[in-house]
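J.: Just passing along the structure, written as structure tokens.
Every number in this text was worked out from the coordinates using simple rules, so none of it is lab data. Keep in mind the model is a prediction, meaning the values are calculated, not measured. Here the Cβ is made from the backbone with ideal geometry for all residues, glycine too, and neighbour counts use every protein chain on show.
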Amino acid sequence: MVEVRLGKKMVPVRRLPEKLAPFRELLLANAIMLSEIPSPTFGEHDRARFLEQRFTECGLQHCAIDEKNNCFGILPGSEGKKTIMVSAHLDTPFAPTQDHTSRVGVGTIHCPGIADNSLGSALVATLPIILERMGIRLCNDLLLIGCGGSLDYGNLGGIRTFLNEFDSPICFGLALEGASQGRLQFCSVASMGGVISCHVDRKVSSLSAIAILNQIITRIQELPCGHGGELSLVLGAISGGVSYKLPARQAQLKLQVRGDSDGEVKDLVKKIENILNEFARPLGVSAYLEVIARTRAGGLDFSHPLVKYARKVMGILELSPLDDYYSSTISSYVEHDIPALCLGITKADNINYQDEYVEIGPIMKGVAQVIAMLMGVDGGVGE
Amino acid sequence: MSNLVKKWLRENTFHHSQFWDILQLIEEKQKQNLRISLCLPTYNEEATIGKEVVIFKSELQDRYPLLDEIAVIDSGSTDSTCEVAASFGAAVYQSADILPEMGFNRGKGENLWKAIHQLTGDIIVYVDADIKNIHSRFVYGLVAPLIYRSEIKYVKAFYDRPLVSRDKVRPSGGGRVTEILVRPLFSLFYPELTAIIQPLSGEYAVRREILEQLSFPVGYGVETAHLLDIYAKWGMGAFAQTDLDKRVHRHQQTRDLGKMSFGILRAFFKRLKAQGAIGDLPELSPYLMRYQALGNEYETELIEIFEKERPAMLEVEAYRKKFGR
């Protein structure tokens with residue numbers, strides 16, 4: 001049986017959820033309070049301040065908020081030879097004008113952004129007090145960070161900037177997401193997310209931007225998506241025009257290209273740009289691609305000791321790993337050759353909709369896997 | 001404004017941010033060997049009670065041990081209020097089960113009164129269970145003046161300070177009942193009490209030694225009755241008030257406010273008469289009367305507002321026995 005060291009005692013992973021039960025309300029309260037602070041991408045400062053207050057209360061060192069709304073602090077280890085990093089993104093896709101009031105029921109918390117990613121951020125905020133009260137002192141330094149500018153146009157800007165500037169070696173990265181439990185992601189897919197914009201100058205053309213965009217979509221979908229389906233194309237969102245009475249002057253398509261290899265994604269993007277150039281030839285018509293976000297392919301193998309250990313921990317906790325191994329969050333770690341995993345804390349539904357909710361019951365098992373993972377890495381797993 | 005009121009506003013009106021150092025507050029509480037109880041009176045509050053219990057337990061018990069007990073006193077909710085509250089660690093009591101020999105009345109005042117017997121704190125903090133933007137300041141902002149200033153007996157919450165801009169002052173408002181009923185009545189009969197910015201707010205902290213001497217209307221008039229009785233017995237200096245910034249809660253229908261006003265008026269006139277501030281009054285009707293048109297006919301609607309008053313807890317033998325009074 002896998003055991004983790006708590007103070008002087010070795011505790012089986014299986015018993016961790018029960019040991020963690022007294023800390024449930026601390027975590028839930030942080031999740032509720034964080035979720036009620038609006039935090040759109042690039043507007044995460046208030047959440048970062050809340051996190052900074054929590055870090056300061058727990059006596060973390062070097063607490064600060066940087067220009068990307070990253071909030072970080074360090075819990076010093078007994079030896080401090082290496083640094084383990086735990087991250088969670090602070091931004092949500094909800095506008096500050098939307099109602100962020102939460103509702104707590106017997107088994108659920110309802111609030112926009114509670115799963116993605118108030119609960120993940122809350123665990124980052126609560127980890128120091130959990131570790132302290134369980135008598136866990138890591139050998140390595142624990143770097144805790146809530147990251148700004150992650151989603152959509154943020155393009156993981158917060159964590160990327162932080163990792164570019166942080167000068168101590170990081171031996172392991174753990175990215176936390178509120179959902180879904182069973183998430184065990186250790187690879188980053190190569191991807192490009194962008195917006196195709198189509199504009200028609202009404203003074204010289206009566207074409208509809210929507211009709212042009214429609215033709216562009218048809219052509220893009222005819223592109224060969226790699227050998228053996230390694231490439232995929234996601235048509236995510238579409239908008240355009242203002243009225244049924246007039247041909248649309250503008251239309252936009254948000255899309256993502258994903259693949260196993262950076263080169264193949266790059267080639268496919270080039271082909272899309274060539275198609276756009278063709279459609280932009282008629283007088284008064286423009287069509288172009290604006291890249292919003294990119295991620296690099298890479299990460300750990302299935303057989304990496306960290307992945308195997310994580311699977312073992314999840315098995316003991318009776319959590320079934322989900323089949324999706326890829327997370328864009330891992331990309332920022334991949335760019336710095338830092339082995340990293342992304343774990344989900346609990347079950348959730350309606351993610352990114354106003355009626356988003358998380359289940360309370362499974363949460364402490366989700367926390368247990370995080371604690372066991374930290375203890376394992378601190379004890380040498382993956383070296 | 002009288003000098004007394006000016007002085008009171010200057011010295012007894014606080015902002016919750018003055019008490020941000022909860023560790024210092026706890027240290028002072030421990031020095032005085034005080035126990036503090038939080039009472040959440042409920043009746044069908046499943047939408048908001050869970051959040052209140054989680055936040056107060058986490059922030060003011062698990063993280064900072066300011067509260068010694070968190071209790072829900074329920075009037076027989078038919079939704080999952082009690083189940084939700086208990087699932088997050090609150091002690092849940094049915095009002096009807098407390099002092100059963102005294103009977104049971106459904107009403108907020110009844111719950112507040114029975115809490116005095118059930119809870120063990122030297123200070124009891126009452127917080128309404130329908131607050132959407134709950135925060136630990138709703139408790140520490142109210143108990144802090146009692147902990148730091150022994151002469152203060154009763155601390156009331158108020159919200160949304162007056163805003164001054166371009167030489168214009170937006171008067172700090174209470175709700176509709178405060179502005180069109182209670183404040184005019186206080187202005188006429190108890191001008192000093194108008195300095196209490198939101199006399200009907202449901203959040204206040206009180207010393208047990210005061211609570212046990214107060215009689216309690218079981219319904220809407222309980223807050224007004226407290227203010228009048230404490231003012232008559234201990235004077236303005238016993239009060240303090242704390243600005244808790246914003247409070248988001250359920251909006252009440254005007255029809256319901258009519259019932260509230262009726263209950264308040266009955267409690268108010270009863271005290272005016274008892275204090276000799278007003279001459280003979282006719283017997284006050286327990287019925288609120290409304291008329292509604294049905295075609296060309298008008299129908300009378302009689303709503304009975306039951307404003308029974310519970311005696312001061314010190315008059316209850318079981319209480320005296322339990323607390324050695």
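J.: For B:Lys273, give me every one of the lysines with a C-alpha distance below 23 angstrom, ignoring sequence neighbours fewer than eight places off in its own chain.
T.: B:Lys233, B:Lys259, B:Lys308
J.: What trypsin sites (Lys or Arg not before Pro) does the range A:176-238 have in DSSP loop regions with at most 13 other beta carbons within 10 Å?
T.: Values: sites: A:Arg183, A:Arg202, A:Lys203, A:Arg219; in loops: A:Arg183, A:Arg202, A:Lys203.
When the trypsin sites (Lys or Arg not before Pro) of the range A:176-238 are filtered for loop state and at most 13 Cβ neighbours within 10 Å, A:Arg202, A:Lys203 remain.
J.: Could you work out how much longer the chain between A:Ser243 and A:Lys203 gets when fully extended? Use 0.36 nm per residue separation minus the Cα distance between them, nm to one decimal.
T.: Values: separation 40, 0.36 × 40 = 14.40 nm, distance 1.79 nm.
Full-extension gain reported as 12.6 nm.
J.: For B:Leu314, what charge total do you get from the other residues with a beta carbon under 14 Å from its beta carbon, if Lys and Arg give +1 and Asp and Glu give -1? Working shown, then result.
T.: Working: positive: B:Arg207, B:Arg208, B:Lys233, B:Arg310, B:Arg320, B:Lys321, B:Lys322, B:Arg325; negative: B:Glu209, B:Glu212, B:Asp229, B:Glu315, B:Glu317.
Value of the local net charge: +3.
J.: Taking 0.36 nm per residue of separation and subtracting the Cα-Cα distance, what length does fully extending B:Asp245 through B:Leu281 add?
T.: Values: separation 36, 0.36 × 36 = 12.96 nm, distance 4.02 nm.
Contour length minus Cα-Cα distance gives 8.9 nm.
J.: Here is a follow-up. Kindly put A:Ser243, B:Ser285, B:Ser37, A:Ser205 in sequence by how many other C-beta atoms sit within 10 Å of each C-beta, fewest to most.
T.: Numbers: A:Ser243 7, B:Ser285 12, B:Ser37 23, A:Ser205 17.
In increasing order of surrounding Cβ atoms, one gets A:Ser243, B:Ser285, A:Ser205, B:Ser37.
J.: Output the relative contact order of the range A:143-218, whole-number percent, from Cα pairs under 8 angstrom with separation of 6+ residues.
T.: On the way: 24 pairs, mean separation 9.1, N = 76.
For the range A:143-218, the relative contact order is 12 percent.
J.: So who's got an amide H within less than 5 Å of the one on A:Ala175, skipping anything under 5 residues away but keeping other chains? H placed 1.01 Å off N, in plane.
T.: Residues meeting the amide H criterion: A:Ser87, A:Leu341, A:Cys342, A:Leu343.
J.: Residue by residue through the range B:289-299, what is 3J(HN,Hα) from phi via Karplus (6.51 cos²θ - 1.76 cosθ + 1.60, θ = phi - 60°)? Round to whole Hz and write x for glycine and proline.
T.: Each residue's phi maps through the Karplus curve to give 10, 10, 10, 9, 7, 10, x, 8, 9, 10, 10 Hz.
J.: Given a cut-off of 20 Å, name the pairs among B:Lys114/B:Lys322; B:Lys29/B:Lys153; B:Lys156/B:Lys246; B:Lys6/B:Lys270 whose C-alpha atoms lie farther apart than that in the structure shown. Walk me through the intermediate numbers first.
T.: Values: B:Lys114/B:Lys322 13 Å; B:Lys29/B:Lys153 15 Å; B:Lys156/B:Lys246 15 Å; B:Lys6/B:Lys270 29 Å.
B:Lys6/B:Lys270, as the Cα separations exceed 20 Å there.
J.: Next question, about the same structure. Would you work out the charge dipole size for the range B:3-323 about its Cα centre, treating the Cβ of every Lys and Arg as +1 and the Cβ of every Asp and Glu as -1, and quote it to the nearest 20 debye?
T.: Details: 41 positive and 43 negative charges, 212 e Å.
Rounded to the nearest 20 debye, it is 1020 debye.
J.: Can you give me the long-range amide H partners of B:Arg310? Hydrogens built in the peptide plane at 1.01 Å from N, cutoff under 5 Å, separation of 5 or more residues or another chain.
T.: Residues meeting the amide H criterion: B:Phe216, B:Val218.
J.: Can you classify the range B:260-325 as rounded, prolate or oblate using the Cα gyration tensor, where a ≥ b ≥ c are the square roots of its eigenvalues, rounded means a/c under 1.5, and otherwise it's prolate if a/b beats b/c and oblate if not? Provide the component values of the computation, followed by the final result.
T.: Working: a/c = 4.94, a/b = 2.06, b/c = 2.39.
Oblate is the answer for the range B:260-325, as a/c is 1.5 or above yet b/c matches or exceeds a/b.
J.: Follow-up. At a Cα cut-off below 22 Å, give the lysines reachable from A:Lys365, other chains included and same-chain residues fewer than 8 away excluded.
T.: Straight-distance partners of A:Lys365: A:Lys9, A:Lys19, A:Lys308, A:Lys312, A:Lys347, B:Lys51, B:Lys57.
J.: Right, here's the next one. Could you order peptides B:206-216, A:287-297 by the average number of other Cβ atoms within 10 Å of their residues, highest first? Please report the intermediate quantities before stating the final value.
T.: Values: B:206-216: 20.1, A:287-297: 17.7.
Per-residue Cβ counts within 10 Å, averaged per peptide and sorted highest first, yield B:206-216, A:287-297.
J.: Then there's this: Report the convex hull volume per residue for the protein assembly as shown, counting only C-alpha atoms, in Å³.
T.: On the way: hull volume 163.6 nm³, N = 708.
Dividing the Cα hull volume of the protein assembly as shown by its residues yields 231 Å³.
J.: Another question, then. Could you calculate the contour length gain from A:Thr56 to A:Leu223, that is, 0.36 nm times the residue separation minus the distance between their Cα atoms, to one decimal place in nm?
T.: Values: separation 167, 0.36 × 167 = 60.12 nm, distance 5.29 nm.
Here the answer is 54.8 nm.
J.: Hey, which lysines would be in cross-link range of A:Lys245, C-alpha to C-alpha under 18 Å, not counting anything within fewer than 8 residues on its own chain?
T.: Counting by Cα, and skipping residues close in sequence, A:Lys245 has these lysines nearby: A:Lys203.
J.: Something else about it: Can you list the HN-Hα couplings for the range A:173-182, worked out from phi with the Karplus curve (6.51, -1.76, 1.60; θ = phi - 60°), rounded to whole Hz and with x for Gly and Pro?
T.: With the stated coefficients, the range A:173-182 comes to x, 10, 9, 9, 10, x, 9, 9, 4, x Hz.
J.: Sort the range B:3-323 into rounded, prolate or oblate with this rule: let a ≥ b ≥ c be the square roots of the eigenvalues of the Cα gyration tensor; rounded if a/c is under 1.5, and if a/c is not under 1.5, prolate when a/b is larger than b/c, oblate otherwise. Show your work: numbers first, answer last.
T.: Details: a/c = 1.40, a/b = 1.20, b/c = 1.17.
It is rounded, given that a/c, with a ≥ b ≥ c, falls under 1.5.
J.: At a threshold of 8 angstrom on Cα-Cα distance, excluding pairs fewer than six apart, so keeping six or more, what relative contact order does chain A reach in percent?
T.: Values: 877 pairs, mean separation 86.5, N = 383.
This gives 23 percent for chain A.
J.: Rounded to the nearest 5, what is the percent of antiparallel bridges among the DSSP beta bridges in the range B:3-323? Present the calculation step by step, with values, prior to reporting the outcome.
T.: Numbers: 21 of 43 bridges.
Of the beta bridges lying entirely in the range B:3-323, close to 50 percent run antiparallel.
J.: Cut-off 10 angstrom, C-alpha nodes, Gaussian network model of chain A. Which of A:Ile114, A:Ile371, A:Ile216 fluctuates the most?
T.: So, out of A:Ile114, A:Ile371, A:Ile216, the one fluctuating most is A:Ile216.
J.: Could you go through the range A:96-113 in sequence order and give the Karplus-derived ³J(HN,Hα) for each residue, using 6.51 cos²θ - 1.76 cosθ + 1.60 with θ = phi - 60°, rounded to whole Hz, and x for Gly and Pro?
T.: Per residue, the Karplus-derived 3J(HN,Hα) values read x, 6, 6, 5, 9, 5, 9, 9, 10, x, 4, x, 9, 10, 10, 5, x, x Hz.
J.: With chain A treated as a Gaussian network of Cα nodes joined by springs under 10 Å, which of A:Ala179, A:Ala209, A:Ala368 yields the largest mean-square fluctuation?
T.: Per the Cα network of chain A with a 10 Å cutoff, A:Ala209 tops the list.
J.: List the relative contact order of chain B as a percent without decimals, with contacts defined as Cα pairs under 8 Å and 6+ residues apart. Walk me through the intermediate numbers first.
T.: Numbers: 576 pairs, mean separation 63.2, N = 325.
The normalised contact order for chain B reaches 19 percent.
J.: Further question on the same structure: Looking only at B:Pro41, B:Pro191, B:Pro217, which one moves most when chain B is put into a Gaussian network model with springs between Cα atoms under 10 Å?
T.: Comparing B:Pro41, B:Pro191, B:Pro217 in a Gaussian network model of chain B, the most mobile one is B:Pro191.
J.: Just checking the output field for B:60-68: average partner chain Cβ neighbours within 10 Å of each residue's Cβ?
T.: Working: counts 0, 2, 8, 9, 1, 0, 0, 0, 0.
Other-chain Cβ atoms within 10 Å of each residue's Cβ, averaged: 2.
J.: Right, another one. Scan around A:Cys63 for amide H atoms under 5 Å from its own, H built in the peptide plane at 1.01 Å from N, and keep only partners 5 or more places away or cross-chain.
T.: A:Ile74
J.: Place a label point 7 angstrom from the Cα of B:Val5 along the Cα-to-Cβ direction, then list the residues of the range B:213-246 whose backbone nitrogen is under 15 Å away.
T.: The answer is B:236-237, whose backbone nitrogens lie closer than 15 Å to the label point.
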